[in-house]
Amino acid sequence: MAVTMGEQGGASDVALPAVLGGSPAFPEGLPLTRVQVPDRAELDRRFDAILTSGQLTNGDTVRELEEAAAEFLEVPHVVAVASCTSGLMLVLQAFDVAGHRVAMPSFTFSATAHAAHWAGGLPDFAEVDRETLTLDPALLASVIDAAEGSPPTVKALMATHVYGTPCHVEELDKVAAEWGVPLLYDAAHAFGSRRAGTPIGGFGAAEVFSLSPTKVLAAAEGGLVATRDASLAERIRLGRGYGNPGDYDCLFPGLNARMSELHAALALVSLRTLPERVAHRGALAAAFAARIEGLPGVRLPALADGDTSTWKDLTLIVDPAEFGCDVPALAAALKAEGIDSRRYFHPAVHLQKAYASPPGSWRLPVTEEMAERVLTVPLWSHMDEATILRVADAVTRIQAHSARL
Ligand SMILES: *Cc1c(COP(=O)(O)O)cnc(C)c1O
């Protein structure tokens with residue numbers, strides 16, 4: 001399609017994006033993520049052994065996974081559970097949050113808040129900072145101020161390592177200590193992330209990982225609770241099996257939150273190659289960042305020097321005024337290129353139907369602004385660099401012609 005270029009400011013030097021008639025970057029389409037099962041032979045061997053043994057749950061494979069994960073994370077205790085959500089529920093139940101408030105970000109996946117709700121807690125949302133999109137320790141005071149003097153009180157603090165970016169763990173520790181409440185991390189994205197070299201997993205009272213298919217360590221479904229607290233670990237072990245200590249005289253109302261042996265086998269095989277996957281994702285993110293450097297109005301979440309992210313998601317933060325169009329227009333233009341994208345996390349949890357009433361109970365201007373600005377683009381562990389650069393170049397073409405979108 002012939003299109004006359006009328007833009008000023010050098011836009012005409014850059015080829016047209018597909019949405020304006022250029023040829024699409026990925027005519028065959030580029031999905032947001034692709035799951036790869038590493039080492040099928042090893043997996044088949046493990047599945048065969050499990051199926052032959054007849055022990056499909058509560059067996060050696062789950063124990064082996066817990067030990068391997070504890071070693072990797074450099075924590076004394078890891079308890080495998082059915083999902084990150086159920087792990088968070090059990091930890092929050094152990095913290096006795098029922099009837100009390102749980103401070104957490106609203107810029108997170110809905111399951112963070114759902115877990116508090118299922119544990120009987122009242123999600124209470126706080127702001128993230130604009131650079132990392134993780135919980136802003138400096139703005140947490142407003143949560144406690146709002147609660148002052150009037151029950152229900154804040155009983156726990158929960159933070160999310162968003163996209164694998166480590167939270168401000170040192171400052172959050174201080175806030176939790178000041179408040180006298182336990183600190184829990186939704187570490188769903190962060191198996192393989194590091195804070196100044198130390199693995200995410202040992203911070204706060206507990207950290208809970210997800211092994212669902214879109215995460216970097218995957219077991220089809222599953223979760224891992226990591227903690228330094230032996231009695232908390234024991235409590236989670238009981239809780240994942242109904243709260244039954246073995247004599248059917250349940251100590252508290254637990255869940256069925258067990259991980260099956262088959263899922264544990266998947267996780268073990270996936271764990272073996274995790275460091276290479278995390279390193280490769282980091283290299284792809286760096287290549288992408290270098291390619292879009294200087295492009296107006298678009299950046300990636302900031303990662304502190306010395307920190308490692310899993311880059312569970314490659315999320316663009318778009319300033320519509322500088323970039324030239326808003327996120328929905330960018331997403332539509334990417335779609336024309338064949339590039340899938342998602343607004344992680346939009347809408348913010350406090351604006352979702354599940355939590356939005358009574359309306360206006362939370363004032364979170366930073367969160368609301370950032371939720372309008374994020375767009376996650378494709379990244380997976382076996383993607384090649386040429387692919388991520390083609391995505392970056394598509395973003396560049398779209399920006400150059402954004403005035404016409
Ligand atoms: C995926 C995800 C969860 C839920 O994990 P499940 O294992 O599916 O329960 C929780 N929190 C965040 C931030 C997530 O991305």
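The values are calculated or read from the model by the stated rules, or taken from the named source; none is laboratory data. Everything numeric here is computed off the predicted structure, so don't read it as measured data. Here the Cβ is made from the backbone with ideal geometry for all residues, glycine too, and neighbour counts use every protein chain on show.
Yes or no, residue by residue, for (1) touching a Pro at 6+ places or on another chain (Cβ under 7 Å); (2) of a type in the set (A, V, I, L, M, F, W, C); (3) part of a loop (DSSP other than H, G, I, E, B):
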{"site": "T214", "(1), (2), (3)": "no, no, yes"}
{"site": "L217", "(1), (2), (3)": "no, yes, yes"}
{"site": "A220", "(1), (2), (3)": "yes, yes, yes"}
{"site": "L251", "(1), (2), (3)": "yes, yes, yes"}
{"site": "A267", "(1), (2), (3)": "no, yes, no"}
{"site": "S270", "(1), (2), (3)": "yes, no, no"}
{"site": "E276", "(1), (2), (3)": "no, no, no"}
Point to revise | Candidates R235, R258, filtered to the one that is of a type in the set (K, R), over 16 Å from the mean Cα position of the chain (by Cα) and within 16 Å of the ligand (Cβ to nearest atom) | key: R258
Study note, to complete from the structure: Inside the stretch 184-202, the number of residues satisfying the requirement of being out of contact with any strand residue (DSSP E or B) (no Cβ under 6 Å at 6 or more places or on another chain) and away from the ligand (no atom under 12 Å from the Cβ) is 8
Review point. What's the number of the condition T52 fails, among (1) within 16 Å of the ligand (Cβ to nearest atom); (2) without any contact (Cβ under 8 Å) to a residue 60 or more places away in the chain?
Key: (1)
Point to revise | Filtered residues of the stretch 359-405 (kept if in a loop (DSSP other than H, G, I, E, B) and either among the hydroxyl-bearing types (S, T, Y) or closer than 30 Å to Q36 by Cβ (or both)) | key: S361, P378, L379, W380, S381, H382, M383, D384
Revision key, fill the gap. Per the filter on the stretch 203-224, residues out of contact with any helix residue (DSSP H, G or I) (no Cβ under 7 Å at 6 or more places or on another chain), among the charged types (D, E, K, R) and within 11 Å of the ligand (Cβ to nearest atom) are K215
Check your understanding: Just one of the numbered conditions (1) surrounded by 15 or more Cβ atoms within 10 Å (Cβ to Cβ); (2) over 21 Å from the mean Cα position of the chain (by Cα) is not true of F345; which one?
Key -> (2)
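Every residue, every condition in (1) modelled with pLDDT under 95; (2) over 14 Å from V79 (Cβ atoms); (3) surrounded by fewer than 24 Cβ atoms within 10 Å (Cβ to Cβ), yes or no:
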| site | (1), (2), (3) |
| --- | --- |
| P166 | no, yes, no |
| V181 | no, yes, yes |
| Y185 | no, yes, no |
| A190 | no, yes, no |
| T198 | no, yes, yes |
| L211 | no, no, no |
**Study point:** Pairs, first more than 19 Å from M370 (Cβ to Cβ) and touching a residue at least 24 places away in the same chain (Cβ under 8 Å) in the stretch 156-174, second more than 12 Å from the ligand (Cβ to nearest atom) and of a type in the set (K, R), C-beta under 9 Å, six or more apart
**Key:** A156/R101; V169/R195
Exercise for review: Select from the stretch 86-99 the residues that are more than 16 Å from H161 (Cβ to Cβ) and within 14 Å of the ligand (Cβ to nearest atom) and list them in ascending order.
Suggested key: S86, M89, L90, L92
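Yes or no: the stretch 330-352 includes at least one residue that is part of a helix (DSSP H, G or I), of a type in the set (A, V, I, L, M, F, W, C) and closer than 20 Å to T112 by Cβ.
The answer is yes, given that some residue of the stretch 330-352 is part of a helix (DSSP H, G or I), of a type in the set (A, V, I, L, M, F, W, C) and closer than 20 Å to T112 by Cβ.
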Check your understanding: Counting only residues that are over 30 Å from L271 (Cα atoms) and either in contact with a Ser or Thr (Cβ under 8 Å, 6 or more places away or on another chain) or free of Cβ contacts under 8 Å to residues at least 12 places away in the same chain (or both), how many does the stretch 336-350 have?
Key -> 3
Point to revise | The one condition in (1) more than 21 Å from D44 (Cβ to Cβ); (2) out of contact with any strand residue (DSSP E or B) (no Cβ under 9 Å at 6 or more places or on another chain); (3) part of a helix (DSSP H, G or I) that G282 fails to fulfil | key: (2)
Check your understanding: Would you call A2 modelled with pLDDT under 95 and of a type in the set (A, V, I, L, M, F, W, C)?
Key -> yes
Practice item. Specify which of the listed residues (V102, V75) is away from the ligand (no atom under 16 Å from the Cβ) and in contact (Cβ under 8 Å) with a residue 40 or more places away in the chain. Key: V75
Check your understanding: Taking the condition touching a residue at least 24 places away in the same chain (Cβ under 8 Å) and assigned by TED's automatic domain parsing to the domain that holds S83, does G254 pass?
Key -> yes
